[in-house]
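Below is one structure; the comments refer to it alone.
The values are calculated or read from the model by the stated rules, or taken from the named source; none is laboratory data. Just so we're clear, the structure is a prediction, and the values are computed from it rather than from any experiment. Quick reminder, even Gly has a Cβ in these numbers, built from the backbone with ideal geometry, and neighbours come from all protein chains shown.
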Amino acid sequence: MSDPASRLKWVEEEPSAGCVERSFVLSRRSGPVPGVLWSPETTTAPPTVLLFHGGSGHKRSERHLRMGHRLAAAGLAVIAIDGPYHGDRVPSPMAPCVYQQLIVDEGIERVTARMTEDWLETVSALAAGGLVDGANVSVFGISMGARSGCRLRPRLDHRCGALCSASSGFARPGLSTPGSAPPA
């Protein structure tokens, strides 16, 4: 088995007030996973926060940029990746009805499972490279990201210290995403 860190391709690095912002692409059999890592200027692997974007969002949404910079300046490593049919995974932004239909066509459970594996492999690769503490992880998700974050949390086992999610759409399934339903 190859070193997980070897599957990372670094695209860009930019120092920013109290932190370093690095863009990357993780190679996966199911396709490339574009992401960004904000980290403090330190040589030790800091505790890690995963930022899950909502529908119509992307890894560099304004909220993610603000949170990434602030949390990294406070000493945390912060990771954001583009969800399926979002951000750099598509040639251009899609209208909600378009990406929602693609998710329904693929199957919400399959998309969520794929996203979970994307996150697990991203954390493993960055931890193997000594850039994040893969044993000390917190999850923050909004909307669609809350759904994915809630699914990832149990797979992190004892590594996940906190889960913060907002407005996952579970209370009124079907109104925000066609074919959506609360998890079993």
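Computed values, structure above
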| quantity | calculated |
| --- | --- |
| Filtered residues of segment 77-118 (kept if within 12 Å of the chain's Cα centre (by Cα) and farther than 17 Å from P32 by Cα) | V78 |
| Some residue of segment 9-17 being closer than 19 Å to R151 by Cα and touching a residue at least 12 places away in the same chain (Cβ under 8 Å) | no |
| Condition met for V139 (at pLDDT 70 or above and assigned to a loop (DSSP other than H, G, I, E, B)) | no |
| When residues of segment 12-42 are limited to those that are aliphatic (A, V, I, L, M) and at pLDDT 95 or above, the one nearest to V132 (Cα to Cα) | L37 |
| Conditions (1) charged (D, E, K, R); (2) under 17 Å from E13 (Cα atoms); (3) out of contact with any helix residue (DSSP H, G or I) (no Cβ under 9 Å at 6 or more places or on another chain); number of the one not met by R63 | (2) |
